[in-house]
Each structure stands twice: as C-alpha cells, then as structure tokens.
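Before any comments, here is the structure.
The values are calculated or read from the model by the stated rules, or taken from the named source; none is laboratory data. Owing to the predicted nature of the structure, the values given are computational and were not obtained by experimental measurement. Please note: Cβ atoms are built from the backbone with ideal geometry, for glycine as well, and neighbour counts cover all protein chains shown.
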Amino acid sequence: MSTYKTHCSKCGAILSNRFCSACGTDSEIPFRKRFLSWFSWMRQYPRFAFWAVLGLFGLAFGIVDEHVDFFEKHAPKLNAAFHSGEITTSGDGEYVMQKWTDDRDKLDADMKDADWQAIRQGMLKRKPYLDDLILENEKFQRRVRVEADSHLDVNDPCESLTIHEAAPLIAQATRVEQEFFVFVERTTTVTPEVAPAMDKILDKQKDISRRMSEFHERWQAKGCK
C-alpha cells in the first residue's frame, strides 16, 4: 500500500512523487491514517478478522505457556497475566511452582548479623512472600486433587510422584513457613524458654530442605520435567 496520495490535497494536481510539482505540498499520508487503513479489512471481513485475532492470541498464549522462564525474566507482568489464575496447563503449573519456590527462598534467606529485634523486624517485612507462598500452595493443591480424582497417576510415574510425594511435601513446607512466621510475630524477645521452640522449627525447615533435595533427585532420575 502506497504511503502517498495520488492527487495533491491542496491544488488537486496529479502527483508523480511525494511533493506536488505545482505547489510543493507534501503528499505523504499521515501515519495514523495509514495504520488504520491497514486494518480496514477487519471491517470488511469481521468473521475472518475474529478468527484471525483469536488464532494469534492462541499462538501467543502457547508461546508464553511453553517458555515460562524466559517471560518471567523479560516480561514478568505478561507472565503473571497469563498464569495468575488456576492451573489449567503445564505452563501454569510451572509458573506456580516457580513462584512458590521463589517465595520460600526469600523467606528463608539469611538475615544480616544483628540482634533479635532487628532480625524480627526484617522477617516481618517478608510477610508478602508468605502470603503469596500460601496462595501458590493452595492453587497447586487444588490442581493435584483434580488430577488425583482423574487417576492421572495411573501408569505415569511423574504424575504419581507429583500427587503422592510433591504435593504433601509442598503442603508441609508451607505449614512450617507459617509456623515460623507466627513464632517470629509472637516472640518479641528470645529467652531460654522459647529458644527450644525456635530450634525445633529450624530443624523442621532443614528436614524439609533435605527431603526436597531427595525428591528432586528421584524426579530427575525418572526423567520428569
């Protein structure tokens, strides 16, 4: 499609190039009009345009769904828009587990050496990560129940690992994070009386990390993705 008019808008002369030889007027069509004209076929063929746009959207969704890591790095808002709902695709599941893992890593990140009050205040600021951790776990557990009810674990070792090992482990890890946060909220001062309770929770966290590492090894050994 030409970007120039065929007749001068000012004097009406026939144009042989961009500028009118009679009056010198610039004949280039404004970009906005050119842009709208490119989509004029949508008005002429609305049904075809609908299916074409729907097809492009489906293609875009498929690309985002298959490349969760890439879009999380380069377009996290787009990733969130596509995967923020319930888990219905493998990409949704990957996104939920990625967010859950990130939340847990941030909750468990070491604090700088300081007294308990400073550590406590730093931990309390991490509450948004705990809230999201709980949310992502709930999504994951709902999806697992659907897959278990559909018996998807039959003859599928990876699905069986997800339903019977990963889901309970992730639920337990989430509860331990909640338990530790409640302890931090309630404990304004670390005393000899409360120290054993804190040590017990920290031991639970270490045990969860060990079991997750062992699960990951089994997952890889079976070639699961």
Checklist entry - Hey, does region 169-183 have a residue that's small (Gly, Ala, Ser), under 23 Å from TYR95 (Cβ atoms) and within 26 Å of the chain's Cα centre (by Cα)? => result yes
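Every residue, every condition in (1) closer than 23 Å to LYS106 by Cα; (2) at pLDDT below 95, yes or no:
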| position | (1), (2) |
| --- | --- |
| LYS127 | yes, no |
| LEU130 | yes, no |
| CYS158 | no, yes |
| VAL176 | yes, no |
| VAL190 | yes, yes |
| GLN205 | yes, yes |
| HIS216 | yes, yes |
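To keep it simple, each residue is scored yes or no on (1) touching a residue at least 40 places away in the same chain (Cβ under 8 Å); (2) closer than 16 Å to ILE119 by Cβ; (3) hydrophobic (A, V, I, L, M, F, W, C); (4) in contact with a helix residue (DSSP H, G or I) (Cβ under 8 Å, 6 or more places away or on another chain).
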{"residue": "VAL182", "(1), (2), (3), (4)": "no, yes, yes, no"}
{"residue": "ARG186", "(1), (2), (3), (4)": "no, yes, no, no"}
{"residue": "THR189", "(1), (2), (3), (4)": "yes, yes, no, yes"}
{"residue": "PRO192", "(1), (2), (3), (4)": "no, no, no, no"}
{"residue": "LYS206", "(1), (2), (3), (4)": "no, no, no, no"}
{"residue": "ARG210", "(1), (2), (3), (4)": "no, no, no, no"}
{"residue": "SER213", "(1), (2), (3), (4)": "no, no, no, no"}
{"residue": "ARG218", "(1), (2), (3), (4)": "yes, no, no, yes"}
Checklist entry - If we keep just the residues of region 172-189 that are among the hydrophobic types (A, V, I, L, M, F, W, C) and surrounded by 15 or more Cβ atoms within 10 Å (Cβ to Cβ), which is nearest to LEU130 (Cα to Cα)? => result PHE181
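Each row is one residue, and each column tells you yes or no for (1) in contact with a Phe, Trp or Tyr (Cβ under 7 Å, 6 or more places away or on another chain); (2) in a helix (DSSP H, G or I); (3) hydroxyl-bearing (Ser, Thr, Tyr).
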| residue | (1), (2), (3) |
| --- | --- |
| ILE134 | no, yes, no |
| ASN137 | yes, yes, no |
| VAL144 | no, yes, no |
| ALA148 | no, yes, no |
| HIS151 | no, no, no |
| VAL154 | no, no, no |
| LEU161 | yes, yes, no |
| GLU165 | yes, yes, no |
| LEU169 | yes, yes, no |
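For every residue, the table says whether it meets (1) surrounded by 15 or more Cβ atoms within 10 Å (Cβ to Cβ); (2) charged (D, E, K, R).
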| residue | (1), (2) |
| --- | --- |
| ARG143 | yes, yes |
| SER150 | no, no |
| ASP153 | yes, yes |
| THR162 | yes, no |
Checklist entry - If you take the residues of region 93-111 that are in contact with a Ser or Thr (Cβ under 9 Å, 6 or more places away or on another chain) and among the charged types (D, E, K, R), which of them is surrounded by the fewest Cβ atoms within 10 Å (Cβ to Cβ)? => result ASP108
